[in-house]
Structure formats: structure tokens, C-alpha cells
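Peer 1: What follows is a structure written as C-alpha cells; I'll ask about it next.
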Amino acid sequence: MTAAGQAQTGPAPSGTTRPARLPAGVDAWLSRAVPELQGNLRHELIAGGRSNLTYRTTDAAGHVVVLRRPPLGDHPATAHDVLREARILRGLHGHLPVPRVLAVEETGEVAGAPLVVLEHLDGTVLRSPADVERHTTEADRARIGPTLVDALVALHGLDPDVIGLGGLAHRRDYVTRQLGRWHENWHRTRIRDLPDLQTAHEHLVATAPEQSRSGIVHGDFRLDNCMLDRRWRVQGVLDWELTTVGDPLADVGQLLVYWAQAGDAARALHDPATVLPGFSTRDELLARYCLATGTDAARIDYFVAYNWWKTACIVEGVHTRVAQGAMSGGDRTAASFAEQAAALAGRAATLAAALRRR
């Protein structure tokens, strides 16, 4: 399977809002910016609509690159910044497995938004149980969780200066900033009341821990944002648009929330890949991270609750955009996203309330 990777809350969008064609000027710009491309370009949307749009671009000779641009529709001014993502990838190259940045169009004149061209990595992205069954054995799956944790440990060991974010390293208010940001985004776009989302936010604000250290936070670290090679090692960590400097345990909480297990009553992803037999358990992933970093496992509880809440905010935003016709839900309805967001918010409220009772 060849893919560039992109975080999704469900299947890739389809229908009338799917941008099947890029503006005519894009091909001419690509031919100038990436000389190895030889014309007759074909663009395939491999992910998008709910996050940055990602295309696989192939030329007449079979050369492949990855093209990214911000999503269509209304979104926060600081979100989906592909230029910032490109700067981060350039800083990480050589320190962590990431795709190379081949070209950047900063002005937005070519496509109505900035463009970034990335190296195409030939590997496997596991997004669903069907992908897992198609590409792996149970023995393969046992190797995947540990390699993801090792990549996360390597990331958290880097100095923020390597990606040009050293100026943020002195901050110790990551959780407060993130709670404010996602809460504001939800209030700005919401079309319904979701009491559990508000309740969870209040509990999380009241129990926010002191930040012990600052490190690079990916912001959306999960299985389907990692490309794996034939030996099931991480070949590329993808989707850096939410990256900042903050408490690295936020990434650990995110990974655990997305790492669904069979029998879970609530799931952060609509169709999670990790429910099949053979994958590590969440406890095993956490133990590996804590052993490698000297982290106290008890500190993770807050970040697990926080990430249930953050994911609920994200899915509720998708629900709003689908309900308003600003994007397609693929084969899912607005009501499906509304139900998912409510379940996530309920899980967040329960865990956040437990933190406050301690």
C-alpha cells in the first residue's frame, strides 16, 4: 500500500464538496517547482476535508509526490497552516523519520491557498481493521505498538530549537492554552448545546497540572499518522499541523485515547484499526514509554481525559461542517458525527469529573 497519510475521523470525503480537480495553474507551478516531474500530472485526493487536503500527484513517468493545502470552508485562522507544517518538517528531517519538503508556494496565488509538496513515502498506513487484516499477521501487529512508542520517545527527546520553536520552550501554560483554544473553537462554530463538553472543560480547567517540562508535542500522534515499512517500523511520522511546544504527555494521552481495544464502550475513532487481536494493550504502550523516559504513569490520567475532550471538540466541529454543507461526510451523516461527538464528550466528562474528586 502506498500512501502519504492523513488523520481522519472516518472515510475520505466524497460527493459534491470533494475537490476532484485542482486549479489549472497548479500543474504549471509544480513543473517549475519540482523539476523531476515530467508533465501530464494526475492528482488523486487521498485524504482531506476534515483536515488539510492531501493529494497523491503522479507524472507520466510514474514519479509520485504528495501535495498538501488547507481544507475548504471556514476554519480558525491559525489552523491548517501548511507553511508552518513545512517549516517543522524541514527542522525534523534528519532527526526523526519524516517526509522531505520538496517545494512550497507561500502566496496562495496558484491555488487560492498555500501549497506544500512533500516526498512520497512508499509504505503502509493502517487506518481500519480492513487495512490491518489485509496487510498484517498477528505477529506483525505485536511489533507495531512498540515502534510507535519508540518514535514518540525520540520526538520528545528533541530540543524544540531543531524545528525553530525554541522561542516557545520557556512556556509552562500548554494545557491552559489548549483548553482555551479548543473551547473557543467549539463555541465559535457550534450549532447545538453539548453539556458534557462544557462540563468536561470546567473540570479540566480546575484540575490542570503544573507543566513539568517543555518538549515538542506532535498534537495528533496515532497509528494512522505513522507510515510503516515492510518490517513494521515507523518509516514516516505524518500530519504535523497541530505541532507546538508543550507538555509531551499530551501526545501520550492522545495515543492511548486513539488506541482502541476490543470491548471498549467508547472509541475515539469511528472504525479503529487496533481492535484486532495481536496489538499491544494500552497498558503495555504506557509502560514502555514510562520506562524509556522515567515518567510517572499516574501523571497520564489527566492527559487521557483531556484528549477525550479535545477529540470530542474536533468531531463536533466535523459534525457542524457536515450539517452546514461546508464539507462531505463521505459515507457518514451529520447525525453520525453528532452521536460520536456526544459519546466522546460523555467519556471526557466522566474521566474529568473523576480527576476532580481525587
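The values are calculated or read from the model by the stated rules, or taken from the named source; none is laboratory data. Nothing here was measured: the structure is a model prediction, and the numbers come from that model. All Cβ positions, glycine included, derive from the backbone under ideal geometry; neighbour counts span all protein chains shown. The area values use the complete protein model at the heavy-atom level, side chains included, leaving out ligands, DNA and RNA. Shrake-Rupley method; radii C 1.70, N 1.55, O 1.52, S 1.80 Å.
Peer 1: ³J(HN,Hα) across segment 303-312 via Karplus (A = 6.51, B = -1.76, C = 1.60, θ = phi - 60°), whole Hz, x for Gly/Pro?
Peer 2: Result, rounded to whole Hz: 6, 5, 4, 4, 6, 4, 5, 4, 5, 4.
Peer 1: Here's something else I'd like to know. Would you kindly derive the ³J(HN,Hα) couplings of segment 250-258 from the backbone phi angles with the Karplus curve 6.51 cos²θ - 1.76 cosθ + 1.60 (θ = phi - 60°), listing them in order in whole Hz, with x for Gly and Pro?
Peer 2: Karplus-based 3J(HN,Hα) across segment 250-258 equals 4, 5, 5, x, 4, 4, 5, 5, 6 Hz.
Peer 1: Show the residues, 5+ positions off or on another chain, whose built amide H is closer than 5 Å to the amide H of L121.
Peer 2: none
Peer 1: Still on this structure, please answer the following. Apply the a/c threshold of 1.5 to the C-alpha gyration tensor of segment 66-179 and tell me whether it is rounded, prolate or oblate.
Peer 2: Details: a/c = 1.77, a/b = 1.27, b/c = 1.40.
Taking the square roots of the gyration eigenvalues as a ≥ b ≥ c, segment 66-179 is oblate.
Peer 1: Expressed as a whole percentage, what fraction of the accessible surface of the chain belongs to carbon and sulfur atoms when a 1.4 Å probe is rolled over the protein heavy atoms?
Peer 2: On the way: 7270 of 14870 Å².
After summing per-atom areas, the C and S share lands at 49 percent.
Peer 1: Note down the nm distance, to one decimal, between modelled labels 7 Å out along Cα→Cβ at R357 and at H63.
Peer 2: That separation, rounded to one decimal, is 6.1 nm.
Peer 1: Follow-up. Pull out the extension gain between T176 and A266, defined as 0.36 nm times the separation in residues minus the alpha carbon to alpha carbon distance; nm, one decimal.
Peer 2: Gain in length upon complete extension: 29.8 nm.
Peer 1: Pull out a ≥ b ≥ c, the square roots of the eigenvalues of the alpha-carbon gyration tensor of segment 151-285, then state rounded if a/c is under 1.5, prolate if not and a/b is larger than b/c, and oblate in the remaining case. Intermediate values should be presented prior to the final figure.
Peer 2: Numbers: a/c = 1.87, a/b = 1.10, b/c = 1.70.
Because a/c hits 1.5 or more and a/b fails to exceed b/c, segment 151-285 counts as oblate.
Peer 1: Which of these, V104, V162, V245, has the largest mean-square fluctuation under a Gaussian network model of the chain (Cα springs below 10 Å)?
Peer 2: Result for the chain, Cα springs under 10 Å: V162 fluctuates most.
Peer 1: Any idea how far apart R32 and A298 come out in nm if each label point goes 7 Å out from Cα toward Cβ?
Peer 2: Distance between label points: 6.1 nm.
Peer 1: Taking only DSSP H segments of four or more residues, each worth -39500 (n - 2.57), what value at 222 nm results for the chain once the sum is divided by all its residues, to the nearest 500 deg cm²/dmol?
Peer 2: Working: 10 runs with 144 residues, N = 358.
Rounded to the nearest 500, it is -13000 deg cm²/dmol.
Peer 1: While we're on this one: Work out from phi, with θ = phi - 60° and the Karplus expression 6.51 cos²θ - 1.76 cosθ + 1.60, the ³J(HN,Hα) of each residue of segment 226-241, listed in order in whole Hz, and give x for Gly and Pro.
Peer 2: 10, 8, 10, 8, 5, 9, 6, 9, 5, 8, x, 8, 10, 6, 9, 5
Peer 1: Per residue, how much accessible area does segment 216-305 show when a 1.4 Å probe rolls over the protein heavy atoms, in square angstrom?
Peer 2: The answer is 35 Å² per residue.
Peer 1: Quick one: among H120, H218, H63, which has the greatest mean-square fluctuation in a GNM of the chain with alpha-carbon springs under 10 angstrom?
Peer 2: Per the Cα network of the chain with a 10 Å cutoff, H63 tops the list.
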